[in-house]
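The values are calculated or read from the model by the stated rules, or taken from the named source; none is laboratory data. Keep in mind that what you see is a predicted model, and the values were worked out from it rather than measured. Cβ sites come from the backbone with ideal geometry, for glycine too, and all protein chains shown count toward neighbours. Ligands, DNA and RNA are excluded from the accessible area calculation, which covers all protein heavy atoms including side chains. Shrake-Rupley method; radii C 1.70, N 1.55, O 1.52, S 1.80 Å.
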Amino acid sequence: MLDLAHISAFAELRSIGDGRGVIARERRGIAIATVMARKGQGAALAAAVKEQFDINLPRGPHGSGSDATSFLGTGPGRWLVTHDAGTPRFVVSLAQQLDGLASVVDQSDGVGLLRLTGPALLDVLAKGVAVDLSAAAFPAGSVAVTQIAHMGVTLWKVDEAPTFHIAVARSMAGSFLHWLEASAGMTGLAAE
Amino acid sequence: MRIPCPYCGSRDASEFSYSGDATLTRPAPENTEAMFHYVYLRDNPVGVHREYWYHAAGCHAWLKVTRNVSTHEVIDAVLAHDEAAS
Ligand SMILES: [Zn+2]
């Protein structure tokens, strides 16, 4: 009988080079789902999210909520939801709570999440992201769905340190780490 | 060339795929003569033109972009979904 072990998407994250220009930590055990509003149900969905989570559903590319549960705007009528409070079967209950208002798809094992910070972070991200991430153009709470080295990413700014969270398809996690190591090696990548 | 996505903001054209002439209306399928013209006989306009672009690497929305195809100046971009609804 084969023993199966749960291996997280960024299990191979490791420190590279000297220094702590970029500090990276994998966010593990997070429930992740995409939520897509059903036709004509946008207002009812926003009301349900307000009632169930006390969260104002963002209409644009912004995040709303807390560390425990966040709704991130990723497109018109589309959100990425992350839940960090360990509620068992969170996505199943989310789908039930939003039944008839939105399509909910579990991404918990399909998407890897990294938390990135450090003094060189913006310079390193600039090597891959063709979006203005300066503090004035991209304040905390902003969300961008874009690509890094042809890999689709969803990134959002958590605070002005700056700290970013970044979501990458699990199938791309190895290639993404390769890009991160190559881009941050010069200033040092510290894995925590 | 950068396209001002109404949802995402200004993004490089490499995030989008071009999806055709936005000035045409798809004819009824039984009208084979009109369908032939719609599918195969394309104009090649100069100057300001309206085109569909799909934000494939971003918000996945379809945009209607007004663009000067001679200078690549992008004049306007709206969500095709919004325009269809109005
Ligand atoms: Zn967009």
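With a 1.4 Å probe and every protein chain left in place, tell me how much accessible area A:GLU192 has, in Å² to the nearest 10.
Rounded to the nearest 10, the figure is 120 Å².
Looking at chain B as a GNM with Cα springs under 10 Å, which of B:ASP12, B:ASP76, B:ASP43 has the largest mean-square fluctuation?
Judging by the Gaussian network model, the answer is B:ASP43.
Give the distance, in whole Å, between the Cα centre of region B:1-73 and the Cα centre of region A:28-54.
Here the answer is 31 Å between Cα centres.
Might you tell me the accessible area per residue for region B:2-85, computed with a 1.4 Å probe and given in Å²? Mind showing how you got there, number by number?
Working: 5110 Å² over 84 residues.
Roughly 61 Å² per residue, with all protein chains present.
Am I reading the B/A interface right? What is its buried accessible area, both sides, 1.4 Å probe, to the nearest 100 Å²?
Buried area (both sides, nearest 100 Å²): 1000 Å².
Hey, if we sort A:ASP67, A:ASP18, B:ASP21 by accessible area with the 1.4 Å probe, largest down, what's the order? Numbers along the way, then the final one.
Values: A:ASP67 105, A:ASP18 135, B:ASP21 45 Å².
If we order A:ASP67, A:ASP18, B:ASP21 from most to least accessible, we get A:ASP18, A:ASP67, B:ASP21.
List every residue whose amide H lies under 5 Å from the amide H of A:GLY118, counting only residues 5 or more places away in sequence or on a different chain, with H placed 1.01 Å from N in the peptide plane.
So A:GLY118 has HN proximity to A:ILE23.
Skipping prolines and chain starts, which residues have an amide H placed within reach, meaning under 5 Å, of the one on A:VAL158, given they are 5 or more residues away or on another chain?
For A:VAL158, the qualifying residues are A:GLY141, A:THR163, A:PHE164, A:HIS165.
Which whole-angstrom value gives the distance between the alpha carbon centres of region A:67-104 and region A:131-161?
The distance from the Cα centre of region A:67-104 to that of region A:131-161 comes to 21 Å.
Could you sort the residues of region B:1-49 by number and keep only those whose accessible area is reduced by 50 Å² or more in the all-protein-chain setting relative to the chain alone, 1.4 Å probe?
Output list: B:TYR7, B:ARG11.
Region A:141-161: which residues show an accessible-area loss of 40 Å² or more, assembly versus chain alone, 1.4 Å probe?
Buried by the other chains: A:VAL145, A:GLN147.
At 25 °C and 0.890 mPa s, grab the translational diffusion coefficient of region B:2-85 from Stokes-Einstein with a Kirkwood Rh over Cα pairs, rounded to a whole number in µm² per second.
Values: Rh = 13.7 Å.
So the translational diffusion coefficient is about 179 µm²/s.
Using only Cα atoms and rounding to the nearest 10 degrees, what angle (0 to 90) does helix A:173-184 make with the longest principal axis of chain A?
Roughly 50 degrees, rounded to the nearest 10.
Under the rule of -39500 (n - 2.57) per DSSP H run of 4 or more residues, summed and divided by the residues of the protein assembly as shown, what mean residue ellipticity at 222 nm is obtained, to the nearest 500 deg cm²/dmol? Don't skip to the answer; put the middle values down first.
On the way: 6 runs with 52 residues, N = 278.
For the protein assembly as shown, the value works out to -5000 deg cm²/dmol.
Using Cα springs under 10 Å in a Gaussian network model of chain A, which residue among A:SER108, A:SER15, A:SER175 shows the largest mean-square fluctuation?
Residue with maximal mean-square fluctuation among A:SER108, A:SER15, A:SER175: A:SER175.
Each residue of region A:27-33 in turn: what ³J(HN,Hα) in whole Hz from Karplus with 6.51, -1.76, 1.60 and θ = phi - 60°, glycine and Pro shown as x?
8, 9, x, 8, 7, 10, 8
When the accessible area of each residue in region A:59-95 is compared between its chain alone and the complete protein assembly (1.4 Å probe; ligands, DNA and RNA ignored), which residues differ by at least 30 Å², being lower in the assembly?
The answer is A:PRO61, A:PRO76, A:ARG78.
Quick test of your reading: applying the under-4.7 Å Cβ rule, which cysteines of the protein assembly as shown are isolated?
B:CYS59
In whole Å, largest first, what are the principal axis extents of the Cα atoms in chain A?
So the extents along the principal axes, rounded to whole Å, are 56, 51, 27.
With every protein chain present, what is the per residue accessible area of region A:1-114 (1.4 Å probe, Å²)? Working shown, then result.
Working: 6300 Å² over 114 residues.
In whole numbers, region A:1-114 has 55 Å² accessible per residue.
Carbon and sulfur together cover what percent of the accessible area of the protein assembly as shown at a 1.4 Å probe radius?
Working: 7780 of 14730 Å².
With neighbouring chains kept in place, the figure for the protein assembly as shown is 53 percent.
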